[in-house]
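> Attaching a single structure in structure tokens format; questions to follow.
The values are calculated or read from the model by the stated rules, or taken from the named source; none is laboratory data. No experiment lies behind these values; they were computed from the predicted model shown. All Cβ positions, glycine included, derive from the backbone under ideal geometry; neighbour counts span all protein chains shown. SASA here: full protein model, heavy atoms, side chains in, ligands and nucleic acids out. Shrake-Rupley method; radii C 1.70, N 1.55, O 1.52, S 1.80 Å.
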Amino acid sequence: MMREEAMVEKLRGAVRDCMSKHLYSSAIFFADKVAAFTTDPADIYMQAQALFLGRHYRRAFHLLNASHIVLRDLRFRYLAAKCLEELKEWDQCLLMLGEAKVDEHGNVLDSKDCNAIYMDKDGEDCEINILSAICFLRGKAYEALENRSQARQWYKAAVKADPLCYEALECLIDNHMLTYEEEKNLLSSLRFAPEDGWLSSFYSCVIKKYDKENVVEAKFRELETGHCELNTSRSSMTCTLKNNTDLLACKAEYYHQSGEYQKCFDLTSELLEKDPFHLKCTLVHLAAAMELGHSNELYLMACNLVKDYPQKALSWFAVGCYYYCIKKYDQSRRFFSKATSLDGTFLHAWIGHGNAFAAQEEGDQAMSSFRTAARLFPGCHLPTLYIGMEYMRTHSFKLAEQAKTICPSDPLVYNELGVVAYHMKEYKRAVWWFEKTLTFVPSSLSEMWEPTLVNLAHAMRKLRKYQEAILYYEKALALSTRSVSTYAGLAYTYHLQDNFNAAIVYYHKALWLKPDDQFCTEMLTMALLDECRYGSDHATESYGNEALVL
């Protein structure tokens, strides 16, 4: 009897070792013999695990379903549902997981899982809660069935059941299922163990980063400079996340969101040298390269991604970015469309698809893409913002104002509302929106915000606040010296003040950048005539067309 037990225990060890070494056929062979020897539910479960890892999903499901405890043991039920997930039988997957209800806050109601048994209790303290895993699988099933509302609630339930279930949080964040406020409320409701304080801080960096600059920077600093000590019987080990790739990728994402594209690009370039296949970092790197116009980098990235990941939407999105960057919008649209067909929940591809249409002034198709994105990603304000921008392009200013849902601290939203107010000739409101924009941008202004300064200067000039207008034009020139709009606006403001010499200088600078600019050509002629007359005739606001240049 002792020899038989020793033999069975040896075979169990062989099965576990084969699975750890990915020798699945061997694992299946020996697990089948152990289950035949013992008929122990734990051994049947081990056999089903080996079959699942060997991708024999039908056989694994049949084995689990034939056992008498599949509906009483959560492990059996969960693994059976995982088999159905792999087989894409989503309705059957939900039936296997059992009936349960969840409210909009992620609290599980009327669940029968509490009455089920869980045979492997010894390791539960160091494992992900099985109820959390079941909630997450329910969420995946509902998402596959395009019931995104139920999916969102079950993902929230999974994270609440166990904050270590990162995959559920990742789905909520990557698919933009929650607004910024909802993300913050969810994070504050999670119950972390005392030793998991670092995880709470890390999650606060992963969610949308719409806080003030100093608040966000403090969160990153806390994780980079903080440390935890792991004491063992022999030694003490200090851990830090200073050089962690995931954390630095979050930081790069924040730089991109803040418009600091060069800092973002430099950081992602450094990260991709260390980990060339970090896909989240790759996405941010592509976005930064797009903004900076680095077409060569986009071409190389696209080639490598298509070679390494031909079935991933990100690869074809990269190809679309390259063609968009070189202004071949038909080709870019084709590849953005391919990315959305491979992954319908890829926000950036939908936005790119819409922008490619908008670049060719095909407004209806652009609006269709943006509306699809707004429907699929209720937690992201960007599709709605682009809808508003498209309305503005077609001079539907009232609709544009209604479409721009205000995100608590995205300065781009306030800038666009200022542009709408300017076009509606509400110049005081425009000034208020532009000034509000500047309160939310990083302390060190980058070239991205040069148009906002020019817009503010235009609005100040309309209100006849010429000195303030000149001040903002000069600030804009400090960020970019190649803007015709800035030189023309500054020249016109000096002209209105009867400072003809300065006006002539800046009209010349504008024409040096764009020699065929009709407005500057006509106004330069007038300024020269006024200079000859020593300013006897005052320049008026009727001199020309003041289109707001963005």
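> Given the peptides 498-510, 194-206, arrange them by the average over their residues of other C-beta atoms within 10 Å, most packed first.
498-510, 194-206
> May I pose another question? Could you state how much accessible area MET389 has, in square angstrom rounded to the nearest 10, with a 1.4 Å probe and all protein chains kept in place?
60
> A follow-up question, please. Please state, as a whole number in µm²/s, the translational diffusion coefficient that the Stokes-Einstein equation yields for the stretch 308-385 at 10 °C and 1.306 mPa s, with Rh defined as the Kirkwood radius across alpha carbon pairs. Intermediate results must be reported in sequence, preceding the final value.
Details: Rh = 12.2 Å.
D = 131 µm²/s.
> In debye to the nearest 20, how big a dipole does the chain give about its Cα centre with +1 on each Lys and Arg Cβ and -1 on each Asp and Glu Cβ?
Working: 61 positive and 73 negative charges, 134 e Å.
Here the chain has a charge dipole of around 640 debye.
> Hey, any idea what % of the chain's accessible area is carbon plus sulfur with a 1.4 Å probe?
Working: 14680 of 27940 Å².
Result for the chain: 53 percent of the exposed heavy-atom area is carbon or sulfur.
> What are the extents of the Cα atoms of the stretch 322-478 along their three principal axes, in Å, largest first?
Principal extents (largest minus smallest coordinate, Cα): 54, 31, 27 Å.
> Can you match Rg and Dmax of the Cα atoms in Å to one of these, [x] 25.6, 84; [y] 28.4, 82; [z] 30.2, 119, based on a calculation from the structure here?
Label of the calculated value: [z].
> List the lysines whose alpha-carbon lies under 20 Å from that of LYS156, not counting same-chain residues fewer than 8 positions away?
LYS82, LYS101, LYS112, LYS140, LYS184, LYS208, LYS209
> Rolling a 1.4 angstrom probe over the protein heavy atoms, how many square angstrom per residue are accessible across the chain? Walk me through the numbers on the way to the answer.
Details: 27940 Å² over 550 residues.
With the other protein chains kept in place, the chain gives 51 Å² per residue.
> What does the C-alpha gyration tensor say about the overall shape of the stretch 1-104? Classify as rounded when a/c is under 1.5, otherwise prolate if a/b is larger than b/c, or oblate.
Working: a/c = 2.69, a/b = 1.85, b/c = 1.45.
Since a/c reaches 1.5 and a/b is larger than b/c, the shape of the stretch 1-104 is classed as prolate.
> Give me the aspartates and glutamates in straight-line cross-link reach of LYS10: C-alpha distance below 17 Å, same-chain residues under 8 apart excluded.
Leaving aside aspartates and glutamates fewer than 8 places away in the same chain, those within reach of LYS10 are ASP32, ASP40, ASP43.
> Related question: Return the aspartates and glutamates within reach of LYS425: Cα separation strictly under 15 angstrom, same-chain partners fewer than 8 residues apart disregarded; answer none if there are no such residues.
Result set, ordered by chain and number: GLU401, GLU416, GLU541, GLU546.
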